[in-house]
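Reading through the structure tokens given below for one structure.
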Amino acid sequence: MKALPYREGSWFALPLREGGYAIGVVARMAPEGRIILAYLFGPKRDAVPVLSEVENLRAEDAVKCLRMGDLGLVNGEWPVIGVAHWVREDWPMPSFFRRDPLSKRAWLIRYSDTDPSQIEQEDLFSNYASALEEASVCGYGSVEIKLTKLLGS
């Protein structure tokens, strides 16, 4: 198996569809890759920054925290900037939710702290209109589109 070009704590540049970059950090990864949890940051940058420009960002500064595929990192379209001092506890695994529009029911989803692809707990959730992120895995193209819209042009 080929070694992954990233690990927990890897900072990366995420290209926006209309030019420029958002920044991300891999907070969790499935043991063999494919699915990661990443904290994502603005503002839009015109060029890929160096590590010293992003390493002081914190979880609370993130504009999004998503479960996503790692293909952008694996195929090199999302350049890895580097790895700074990494303290896993500073980057918690958030709860997510899923909803069923037909029954108008919602569920609070908690994923494993060591594997963002594994559901650890799923409970009925009373807040159908929750602001939590959906419990889905975003493809790398959809992440680029979401961040492009969020950060504007």
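Out of the residues in the stretch 81-103 that are in contact (Cβ under 8 Å) with a residue 24 or more places away in the chain and part of a strand (DSSP E or B), which is farthest from the chain's Cα centre (by Cα)? Walk me through how you get there before you give the answer.
The initial filter retains those residues of the stretch 81-103 that are in contact (Cβ under 8 Å) with a residue 24 or more places away in the chain, namely 81-86, 88, 90-99.
Going one step further and asking which of them are part of a strand (DSSP E or B), we end up with 81-83, 96-99.
Working: Ile81: 16, Gly82: 16, Val83: 16, Phe96: 12, Phe97: 15, Arg98: 17, Arg99: 20 Å.
Result: Arg99.
With respect to Arg34, determine if the residue is of a type in the set (D, E, K, R), closer than 21 Å to Ala135 by Cα and touching a Gly at 6+ places or on another chain (Cβ under 7 Å).
Taking the combined requirement at face value, the residue satisfies it.
Being surrounded by 13 or more Cβ atoms within 10 Å (Cβ to Cβ) and among the basic types (Lys, Arg) is the filter; apply it to the stretch 82-124 and report the residue that is farthest from Glu53 (Cα to Cα).
Ranking the qualifying residues of the stretch 82-124, first place goes to Arg105.
Pull up the stretch 1-22, narrow it to residues that are among the aliphatic types (A, V, I, L, M) and under 14 Å from Lys146 (Cα atoms), then point me to the one that is surrounded by the fewest Cβ atoms within 10 Å (Cβ to Cβ). Break it down into steps so the answer makes sense when it comes.
Taking the stretch 1-22 as the starting set, the residues that turn out to be among the aliphatic types (A, V, I, L, M) are 1, 3-4, 13-14, 16, 22.
With under 14 Å from Lys146 (Cα atoms) added as a condition, the list becomes 14, 16, 22.
Details: Leu14: 26, Leu16: 21, Ala22: 25.
Here the answer is Leu16.
Considering only the stretch 31-40, I want to know if a residue exists there that is modelled with pLDDT of 95 or more, in a loop (DSSP other than H, G, I, E, B) and not hydroxyl-bearing (Ser, Thr, Tyr).
no
Exactly one of (1) of a type outside the set (Gly, Ala, Ser); (2) touching a helix residue (DSSP H, G or I) at 6+ places or on another chain (Cβ under 7 Å); (3) farther than 16 Å from Val74 by Cβ is unmet by Tyr6. Its number?
The one condition Tyr6 does not meet is (3).
Given the conditions (1) more than 13 Å from Phe12 (Cα to Cα); (2) part of a strand (DSSP E or B), which single one is not true for Asn56?
Going through (1) more than 13 Å from Phe12 (Cα to Cα); (2) part of a strand (DSSP E or B) one by one, Asn56 breaks only (2).
Considering only the stretch 104-152, state which residues are modelled with pLDDT of 90 or more, of a type outside the set (S, T, N, Q) and in a loop (DSSP other than H, G, I, E, B).
Within the stretch 104-152, Asp113, Asp115, Pro116, Glu133, Ala135, Val137, Gly139 meet the criteria.
So which of Arg67, Arg7, Arg28 is of a type in the set (Lys, Arg) and assigned to a loop (DSSP other than H, G, I, E, B)?
One residue alone meets the criteria, Arg7.
Okay, residues lined up against (1) in contact (Cβ under 8 Å) with a residue 60 or more places away in the chain; (2) loosely packed, with under 15 Cβ neighbours inside 10 Å; (3) farther than 23 Å from Tyr111 by Cα; (4) under 14 Å from the mean Cα position of the chain (by Cα):
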{"site": "Gly24", "(1), (2), (3), (4)": "no, no, no, yes"}
{"site": "Arg34", "(1), (2), (3), (4)": "yes, no, no, yes"}
{"site": "Arg45", "(1), (2), (3), (4)": "no, no, yes, no"}
{"site": "Val50", "(1), (2), (3), (4)": "no, yes, yes, no"}
{"site": "Val54", "(1), (2), (3), (4)": "no, no, yes, no"}
{"site": "Lys64", "(1), (2), (3), (4)": "yes, no, no, yes"}
{"site": "Leu73", "(1), (2), (3), (4)": "yes, no, no, yes"}
{"site": "Pro79", "(1), (2), (3), (4)": "yes, no, yes, no"}
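The values are calculated or read from the model by the stated rules, or taken from the named source; none is laboratory data. The model shown is predicted, which means the values in this text are computed figures rather than measured ones. Note that we place each Cβ from the backbone using ideal geometry, even for glycine, and neighbour counts take in every protein chain shown.
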